[in-house]
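Only one structure is covered here, and it is reproduced in the block below.
The values are calculated or read from the model by the stated rules, or taken from the named source; none is laboratory data. The structure presented is a predicted model; accordingly, all values stated were derived computationally and were not measured. Glycine also receives a Cβ, built like all others from the backbone with ideal geometry; neighbour counts cover every protein chain displayed. These area figures cover heavy atoms from the full protein model, side chains too; ligands, DNA and RNA do not enter into them. Shrake-Rupley method; radii C 1.70, N 1.55, O 1.52, S 1.80 Å.
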2 protein chains.
Amino acid sequence: MSKQSALAEAFRQTVYKVPGHGDLIVQNLRTVLDQIDGDLESDRYGSGKIIEDFQDKMADLLGKEKAVFFPSGTMAQQIALRIWCDQRGVAKVAYHPLAHLEIHENDALRELHRIEPILLADKDRLIRLEDVMNLPEEISCLLLELPQREIGGQLPAFEELEAISKYCRERGIKLHMDGARLFEIMPYYGRSAAEISSLFDSVYISFYKGIGGIAGAILAGDSDFIDTSKVWKRRHGGDLISLYPYILSADYYFQQRNGKMQQYHEDAKALAGLYNACHGIATRPVEPVSNMFHVHIDMPKHQLEPLLIQCYEETGVGLTSYLVEAGDTSCAYEVSVGDRYAILPKERLKEALQWLDKKMMEL
Amino acid sequence: MSKQSALAEAFRQTVYKVPGHGDLIVQNLRTVLDQIDGDLESDRYGSGKIIEDFQDKMADLLGKEKAVFFPSGTMAQQIALRIWCDQRGVAKVAYHPLAHLEIHENDALRELHRIEPILLADKDRLIRLEDVMNLPEEISCLLLELPQREIGGQLPAFEELEAISKYCRERGIKLHMDGARLFEIMPYYGRSAAEISSLFDSVYISFYKGIGGIAGAILAGDSDFIDTSKVWKRRHGGDLISLYPYILSADYYFQQRNGKMQQYHEDAKALAGLYNACHGIATRPVEPVSNMFHVHIDMPKHQLEPLLIQCYEETGVGLTSYLVEAGDTSCAYEVSVGDRYAILPKERLKEALQWLDKKMMEL
């Protein structure tokens, strides 16, 4: 069995966990199935009521002709880019240097699809219209991630998105949305999923991030695009005989949580405010534009780790289960606000952050 | 929603269904989860007790160093072939013209992996040692499917398998087993999974065929091979945050049904015998070597279909939910014997086949 870090173990023991919806446990799926008639027939290789109804519902929500359910976003996005590259006959795409495709997929785009990515913008900022205008080469597709997770979940102004979309359309460049956290940014933009998606030719959304499903993704676009994506889904080995465990839970938790995104955003702003009041601690962005942000702490990981463990033990509050190094003298972690925050006693949270603030001052 | 054929609908209405374990319904997963502690933690991107324990158990069973759980066999097998091709530096493999890779995966091996398959043997017979010896070109890997599904689930003599394995090893050709139905053939060979697998460098097994799980596959081999397969699993988009719905059900139904394979084989032989006693009906193989066989009926599909529907309505027995054309004057279908056969009143089954036999004589 995999070993857990001491910090992860200490986090696990806390009574008051701050981020997320809850533990990833089997009960999350059982709760879903308890709502379902046991005689309901499984989907079969992409057909059947369960999968077709959900796909139609998501296509409607995103304002696209069709949608298809995928086991993972990794699969859905590579396939989207492949289709656009094949269509234009140019095996080049552009995305952010910290896109999921670049840092979490073992170079799959090159190894499986022979597509060359062009990295736009610096690692620590968003892609701007200017970057797109200065593209050195012809590309088939530009991928924009909303929000840009690896820099704390930042967002361009909606007007900049519109300008990028217009520029791409004029030049025949397809625009693809990595909308893994699309639902989470709708309160900030104050626009519907369909309004945001209308700027894009293809859209991927995820069901185990803000929605808190078990796994799975939707890819949406026009009818031809989606039909072709089903051929590629089979090629990738994603056309399983039964995807219903993921689809039913995606649908269930979407209904449970889609209406709470505004609250998560408010909570994220409140929590970020508490962090930013501490010495040597800053969130990125300072004011979150979704339910997520990054916490940067001016202390090396090896020093902060035992401190956090002590904090968890003394206050019962769990702030994070992990730390990553961010330079020599500081470290960072990601916070996604979910259902847990609403039931968290806020005085206990403040107590824990005051404890941390005091230690940061002393050291 | 997808429309069902009239035959499928008539089959659905029958009380006494002959093939398979049962309907593909949500209850199959709920039954599994009802046995599990709800607090059990999900696997996480390939790590955690649920996935690691099951992989270890399957590696032991197959007598291989390591095993990895995949969402699908399509994904597992392409990856196995890619690894062997990369290792030898030759992007060519050989398999049967009716291999799953050739007829059900939309040319994925070429489109995703740039691997050229060489088709061995004729469509209507097994690959023999002679075919391998006469290979026109250098290949990295030979894939053998045990049993060869598309020709009714036929098997080579174990001695021929041994000879092919020896020949390949002497020439540095890797031997991969499509063992989607490996458990189903162990009674016939009278050998353990590990004994059969020892002839192969890599082995894929499935959990939703004879085992009747929800979906999912295991790929097993040596340690380096499996470590590399995990990199490819991520590239393919198969490294899901949670695969536990499939793993828990694979484990549960494996325990339920692994011990019944001998019975399924006996039942398949009995059922094939009943079919072969009918006019104009023959099974392939005549005597099944696993729980599966094909039924060939000397009557065109458009003529047989209404006849079968009438048979189902009059006898309440469901023989098959579909027919495929096999030439101009006959048609065929596949039978996999599972749990249903044991509880089927045999006099009703005989009645149905006698009804069919009589009609076949009359026409």
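List of remarks:
- Qualifying residue in segment A:57-65 (condition: over 18 Å from the mean Cα position of the chain (by Cα) and open to solvent by less than 10 Å² (accessible area, probe 1.4 Å)): yes
- The sole residue among A:GLY190, A:GLY153, A:GLY179 that is touching a Lys or Arg at 6+ places or on another chain (Cβ under 8 Å) and at pLDDT 95 or above is A:GLY153.
- Per-region count, segment B:74-90, residues out of contact with any strand residue (DSSP E or B) (no Cβ under 6 Å at 6 or more places or on another chain) and not acidic (Asp, Glu): 11
- The residues of segment B:142-168 that are among the small types (Gly, Ala, Ser) and crowded, with 23+ Cβ neighbours inside 10 Å, listed by number, are B:GLY152, B:GLY153.
- Once segment A:226-242 is narrowed to residues that are touching a helix residue (DSSP H, G or I) at 6+ places or on another chain (Cβ under 6 Å) and more than 7 Å from chain B (Cβ to nearest Cβ), the residue that is surrounded by the fewest Cβ atoms within 10 Å (Cβ to Cβ) is A:THR228.
- Segment A:181-202: number of residues that are of a type in the set (Val, Ile, Thr) and surrounded by fewer than 23 Cβ atoms within 10 Å (Cβ to Cβ): 1
- Some residue of segment B:329-349 being modelled with pLDDT under 95 and farther than 23 Å from B:GLY22 by Cβ: yes
- Hits in segment B:4-53 - residues which are more than 10 Å from chain A (Cβ to nearest Cβ) and either acidic (Asp, Glu) or out of contact with any Ser or Thr (no Cβ under 9 Å at 6 or more places or on another chain) (or both): B:ALA6, B:GLU9, B:GLN13, B:VAL15, B:GLY22, B:GLN35
- Qualifying residue in segment B:97-106 (condition: touching a residue at least 60 places away in the same chain (Cβ under 8 Å), part of a loop (DSSP other than H, G, I, E, B) and surrounded by 20 or more Cβ atoms within 10 Å (Cβ to Cβ)): yes
- Subset of segment B:327-341 that is small (Gly, Ala, Ser) and under 21 Å from the mean Cα position of the chain (by Cα) - its residue that is most open to solvent (accessible area, probe 1.4 Å): B:SER336
- Being touching a strand residue (DSSP E or B) at 6+ places or on another chain (Cβ under 6 Å), buried (at least 16 other Cβ atoms within 10 Å of the Cβ), among the hydrophobic types (A, V, I, L, M, F, W, C) and assigned to a helix (DSSP H, G or I) is not true of A:ALA94.
- Residue check, B:MET133 in contact with a His (Cβ under 6 Å, 6 or more places away or on another chain) and either at positive phi or modelled with pLDDT of 95 or more (or both): no
- Matching entry among B:ILE139, B:ILE127 (being open to solvent by less than 40 Å² (accessible area, probe 1.4 Å), in a loop (DSSP other than H, G, I, E, B) and out of contact with any Lys or Arg (no Cβ under 8 Å at 6 or more places or on another chain)): B:ILE127
- Close pairs (9 angstrom Cβ cut-off, 6 or more residues apart or separate chains): of a type in the set (Asp, Glu) in segment A:308-335, part of a strand (DSSP E or B) and buried (at least 17 other Cβ atoms within 10 Å of the Cβ) anywhere: A:GLU325/A:CYS331; A:GLU325/A:ALA332; A:GLU334/A:MET292; A:GLU334/A:PHE293; A:GLU334/A:HIS294; A:GLU334/A:VAL295
- Qualifying positions in segment A:18-56 - open to solvent by 30 Å² or more (accessible area, probe 1.4 Å), in contact with a Gly (Cβ under 7 Å, 6 or more places away or on another chain) and not in a helix (DSSP H, G or I): A:HIS21, A:GLU41
- Residue match in segment B:203-218 (condition: at pLDDT below 95 and open to solvent by less than 20 Å² (accessible area, probe 1.4 Å)): yes
- Among the residues making up segment A:109-124, those that are over 22 Å from the mean Cα position of the chain (by Cα) and open to solvent by 10 Å² or more (accessible area, probe 1.4 Å) are A:ARG110, A:GLU111, A:ARG114, A:GLU116.
- Hey, B:VAL203 free of Cβ contacts under 8 Å to residues at least 12 places away in the same chain and aliphatic (A, V, I, L, M) or not: no
- Selection count, segment B:41-59, where residues are more than 13 Å from B:ALA250 (Cα to Cα) and touching a residue at least 24 places away in the same chain (Cβ under 8 Å): 6
- Residue in segment A:65-86 that is touching a residue at least 12 places away in the same chain (Cβ under 8 Å), more than 10 Å from chain B (Cβ to nearest Cβ) and assigned to a loop (DSSP other than H, G, I, E, B) present: yes
- Considering segment B:273-293, and only residues there that are under 15 Å from B:GLY338 (Cβ atoms) and in contact with a strand residue (DSSP E or B) (Cβ under 7 Å, 6 or more places away or on another chain), the residue that is surrounded by the most Cβ atoms within 10 Å (Cβ to Cβ) turns out to be B:ASN291.
- Flag if B:LYS209 is more than 19 Å from the chain's Cα centre (by Cα), charged (D, E, K, R) and within 14 Å of another protein chain (Cβ to nearest Cβ): no
- Taken as a whole, segment B:244-252 holds at least one residue that is open to solvent by 10 Å² or more (accessible area, probe 1.4 Å), in contact (Cβ under 8 Å) with a residue 12 or more places away in the chain, under 18 Å from the mean Cα position of the chain (by Cα) and closer than 27 Å to A:ASN28 by Cβ.
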